[in-house]
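First comes the structure, then the notes that go with it.
The values are calculated or read from the model by the stated rules, or taken from the named source; none is laboratory data. Just so you know, these numbers come straight off a predicted model, no measurement behind them. As a convention, Cβ positions derive from the backbone with ideal geometry for all residues, glycine included, and neighbour counts pool all protein chains shown. Ligands, DNA and RNA are stripped out before the accessible areas are found, and what is left, the full protein with its side chains, is counted by its heavy atoms. Shrake-Rupley method; radii C 1.70, N 1.55, O 1.52, S 1.80 Å.
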Amino acid sequence: MQISFTLNGRPTTVDVEPATLVAELLREQLNLTGTHIGCDTSQCGACVVHLDGLPVKSCTLLAPTLEGATLLTIEGLEGAPGSNRMHPMQEAFREHHGLQCGFCTPGMLMTAVALATEKKDLTEADVRHGLEGNICRCTGYQNIVVSVMAGAAAMNAAKGE
Amino acid sequence: MKPCAYHQPVQIPDAAKLLTSIEDSKLLAGGMTLIPTLKQRLANPPALVDLSRLGSLKGISGDGATITIGAMTPHAVVAASKLVQAKIPGLAALASMIGDPAVRSRGTIGGSVANNDPAADYPAGVLGLGATIITSMREIAADEFFLGLFETALEAGEIITAIRFPVPLRAGYAKFKAPASRYALVGVFVAKFADGVRVAVTGAGPGVFRVPPMEAALSLNFDPSAIAAIKIDTDGLTSDIHAEADYRAHLVTVMAKRAGDAALV
Ligand SMILES: Cc1cc2nc3c(=O)[nH]c(=O)nc-3n(C[C@H](O)[C@H](O)[C@H](O)COP(=O)(O)OP(=O)(O)OC[C@H]3O[C@@H](n4cnc5c(N)ncnc54)[C@H](O)[C@@H]3O)c2cc1C
Ligand code: FES
Ligand code: FES
């Protein structure tokens with residue numbers, strides 16, 4: 001079947017088998033391999049993308065759901081226009097050592113950006129509760145939490161709040 | 001995933017017709033339970049009937065005495081609903097504790113109640129509040145709906161359209177999460193109405209159940225310490241790698257007290 005949606009700001013039309021997982025569509029048909037697949041059980045969060053602004057697990061989403069929707073993947077995260085910088089959340093992860101091997105990072109970033117967008121004054125408890133669906137096998141989470149707090153503050157600052 | 005046919009009906013009768021005419025076809029709501037099952041090939045339906053285009057299944061409304069939540073309403077929407085937060089804060093809190101943000105973006109109340117996982121949260125809220133399950137065919141009282149392990153009163157081709165909750169005087173939910181899955185190892189919902197208290201337990205056994213001795217004690221005196229000494233029988237409770245039956249029985253009392261405390265806040 002044919003599906004039309006907005007992918008990282010661009011109108012996109014694809015021809016897919018309806019039982020295609022969005023993670024497969026992104027990685028195998030659209031060559032957007034920033035979205036990772038870490039488990040087969042919908043638990044690790046490496047595949048998180050934003051569907052109409054909400055965090056979702058792309059490995060647990062069927063392609064027909066995308067019809068008419070807006071999808072943002074890790075490739076679509078960007079810094080202020082013209083700044084030639086990464087998204088403030090990405091900068092914060094680099095600054096605060098929020099990653100080691102980097103496998104979980106795309107999903108962590110997408111979940112973190114959604115958290116910071118949904119709520120202005122994130123507490124550490126909010127961040128830990130919000131990251132419950134993202135598994136990291138390297139960092140022990142401490143620096144991820146520090147990074148998300150810093151990234152959220154930077155996002156608020158960029159919005160002038 | 002194996003290829004299969006995909007239908008997106010826009011009317012409830014069309015969805016029901018597809019479901020009954022295609023043998024072994026499955027309704028797809030948020031997919032948070034069904035898609036993992038399909039990925040692991042634990043089920044192989046020839047067709048999926050996607051409920052997402054049925055607009056009438058979404059949304060939350062209230063009339064003072066009740067709140068009605070459409071079957072396709074995601075957990076995150078219930079958790080953030082000002083109406084639910086104002087009228088049944090314990091139910092909004094329950095929704096906010098399900099899974100993780102991505103699961104709450106997609107997973108729906110209808111899917112959760114239809115699936116009746118023995119460790120799911122909503123069945124405790126639905127039974128604890130004595131809600132009514134509204135389907136494409138009839139209305140079913142919560143007390144008649146949950147029949148044990150993944151089993152409900154739903155018939156073939158029957159679609160949940162909404163759940164209607166009576167507004168209680170107070171209500172609270174507390175769960176002890178299984179650390180890896182965040183499902184309830186034990187979860188207890190306590191609701192106080194003018195005519196008495198209801199206590200419903202999930203996670204502890206093969207299906208959600210009520211605890212009459214706790215209901216009686218709290219109906220006399222809505223003080224959580226009134227149930228501190230009430231122990232439930234381990235007979236019929238679940239023992240598995242996560243916890244033995246006697247630990248679960250212990251947790252029922254602890255979580256019931258905490259749910260009572262939450263109801264008093
Ligand atoms: C990582 C993870 C963590 C989770 N943690 C929790 C948790 O802590 N607590 C908890 O309670 N749940 C948890 N869940 C389950 C989640 O809440 C699911 O969303 C829910 O159980 C099913 O809802 P769904 O909308 O996704 O339904 P689907 O997966 O789409 O459907 C589930 C079943 O219900 C049927 N169905 C769906 N809608 C209807 C309807 N309207 N009428 C009749 N039948 C219908 C489907 O045919 C299917 O058999 C978790 C899931 C995941 C992946
Ligand atoms: S790959 Fe999607 S949750 Fe693990
Ligand atoms: S940095 Fe390696 S899994 Fe998180």
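Give me the summed buried accessible area for the A-B pair, 1.4 Å probe, to the nearest 100 Å². Walk me through the intermediate numbers first.
Numbers: alone 8510 and 11980 Å², together 18330 Å².
Separately minus together, A and B give about 2200 Å² buried.
With unit charges on the beta carbons (Lys and Arg positive, Asp and Glu negative) and the dipole taken about the Cα centre of the stretch A:1-113, which residue among A:A80, A:A63, A:V14 sits farthest to the positive side?
A:A80
Going by a ≥ b ≥ c, the root eigenvalues of the Cα gyration tensor, does the stretch B:106-159 fall in the rounded group (a/c under 1.5), the prolate group (a/b larger than b/c) or the oblate group?
Note, shape of the stretch B:106-159 comes out rounded.
In whole Å, how far is the Cα centre of the stretch A:84-161 from that of the stretch B:179-215?
The stretch A:84-161 and the stretch B:179-215 have Cα centres separated by 35 Å.
Let me spell out the model: positive unit charges on the Cβ of Lys and Arg, negative unit charges on the Cβ of Asp and Glu, origin at the Cα centre of the stretch B:170-264. What dipole size does that give, in debye rounded to 20?
Values: 11 positive and 9 negative charges, 78 e Å.
That gives the stretch B:170-264 a dipole magnitude of about 380 debye.
Using only the Cα atoms of the stretch B:170-264, build the gyration tensor, take square roots of its eigenvalues as a ≥ b ≥ c, and label the shape rounded, prolate or oblate: rounded if a/c is under 1.5, else prolate if a/b is larger than b/c, else oblate. Don't skip to the end; give the middle numbers.
Values: a/c = 2.12, a/b = 1.65, b/c = 1.28.
Prolate shape, in that a/c is at least 1.5 and a/b is the bigger ratio.
Carbon and sulfur atoms: what percent of the 1.4 Å accessible area of chain B do they account for? Each step should come with its number before you reach the end.
Numbers: 5970 of 10890 Å².
The nonpolar share, carbon plus sulfur, comes to 55 percent.
Using the Kirkwood radius over Cα pairs, work out the Stokes-Einstein diffusion coefficient for chain B at 4 °C and 1.567 mPa s, in µm²/s as a whole number. Mind showing how you got there, number by number?
Values: Rh = 18.7 Å.
Estimated diffusion coefficient is 69 µm²/s.
Do you know the relative contact order of chain B, to the nearest whole percent, from alpha carbon pairs under 8 angstrom that are 6+ apart?
Numbers: 595 pairs, mean separation 41.6, N = 265.
Computed value for chain B: 16 percent relative contact order.
What FRET efficiency comes out for the pair A:M1/A:Q142, r = Cβ-Cβ distance, R0 = 45 Å, nearest 0.05? Could the numbers behind the result be given before it?
Values: r = 45 Å, r/R0 = 1.00.
Plugging the Cβ-Cβ distance into 1/(1 + (r/R0)^6) gives 0.50.
Can you give the accessible area per residue of chain B, in Å², using a 1.4 Å probe?
Numbers: 10890 Å² over 265 residues.
Per-residue value: 41 Å².
With a 10 Å radius around each residue's Cβ, average the other Cβ atoms per peptide and rank B:234-240, A:145-151, highest first. Can you show the working numbers first?
Details: B:234-240: 14.6, A:145-151: 22.7.
Highest-to-lowest ranking by the protection proxy: A:145-151, B:234-240.
Put +1 on the Cβ of each Lys and Arg and -1 on the Cβ of each Asp and Glu in the protein assembly as shown; which of A:T33, B:A171, B:M32 then has its Cα farthest toward the positive end of the dipole?
B:A171
Given axes a ≥ b ≥ c from the Cα gyration tensor, I'd like to know whether the protein assembly as shown is rounded (a/c under 1.5), prolate (a/b larger than b/c) or oblate.
On the way: a/c = 1.85, a/b = 1.32, b/c = 1.41.
It comes out oblate by the Cα gyration axes.
Compare each residue of the stretch B:87-134 in its chain alone against the assembly with all protein chains, and report those whose accessible area goes down by 40 Å² or more; 1.4 Å probe, heavy atoms.
Correct list: B:D100, B:P101, B:A102, B:S105, B:R106.
When the scattering of the stretch B:1-133 is computed by the Debye formula from its Cα atoms alone, each counted once and equally, what is log10 I(q)/I(0) at q = 0.14 Å⁻¹?
Debye intensities relative to I(0), on a log10 scale: -0.66.
Using a 10 Å cut-off on Cβ to Cβ distances, tally the other chain neighbours for every residue of A:51-58 and report the average as a whole number.
Numbers: counts 3, 1, 1, 7, 8, 9, 10, 1.
Taking the mean over all residues of the peptide, I get 5.
Over the stretch B:1-50, what lengths in whole Å, largest first, do the semi-axes of the equivalent ellipsoid take, defined as the square roots of 5 times the eigenvalues of the alpha-carbon gyration tensor? Don't skip to the answer; put the middle values down first.
On the way: eigenvalues 72, 26, 13 Å².
Three semi-axes, in Å: 19, 11, 8.
Would you mind calculating the relative contact order of the stretch A:23-161 from Cα pairs under 8 angstrom and at least 6 residues apart, reporting the percent as a whole number?
That works out to 27 percent.
Show which lysines lie in cross-link reach of B:K87 when reach means a straight Cα distance below 26 angstrom and same-chain residues fewer than eight apart are skipped.
Reachable lysines: A:K119, A:K120, B:K58, B:K175, B:K177, B:K192, B:K257.
Charges only on Cβ, +1 for Lys and Arg, -1 for Asp and Glu: so what's the dipole of the stretch A:2-76 about the Cα centre, in debye to the nearest 20?
Details: 3 positive and 8 negative charges, 41 e Å.
Around 200 debye, computed over the stretch A:2-76.
Under the rule of -39500 (n - 2.57) per DSSP H run of 4 or more residues, summed and divided by the residues of chain A, what mean residue ellipticity at 222 nm is obtained, to the nearest 500 deg cm²/dmol?
Working: 4 runs with 46 residues, N = 161.
Mean residue ellipticity, 222 nm, calculated: -9000 deg cm²/dmol.
Given charges of +1 on the Cβ of Lys and Arg and -1 on the Cβ of Asp and Glu, with all other atoms neutral, how large is the dipole of the stretch A:88-160 about its Cα centre, in debye to the nearest 20?
On the way: 6 positive and 7 negative charges, 19 e Å.
Charge dipole, the stretch A:88-160, about its Cα centre: 100 debye, nearest 20.
Round to the nearest 0.05 the FRET efficiency obtained for A:E28 and A:M86 when R0 = 35 Å and r is the Cβ-Cβ distance.
Details: r = 26 Å, r/R0 = 0.74.
E(calc), rounded to 0.05, equals 0.85.
Could you tell me the relative contact order of the stretch B:63-189? Use alpha-carbon pairs under 8 Å, at least six residues apart, and round to a whole percent. Could the numbers behind the result be given before it?
Numbers: 234 pairs, mean separation 38.7, N = 127.
That works out to 30 percent.
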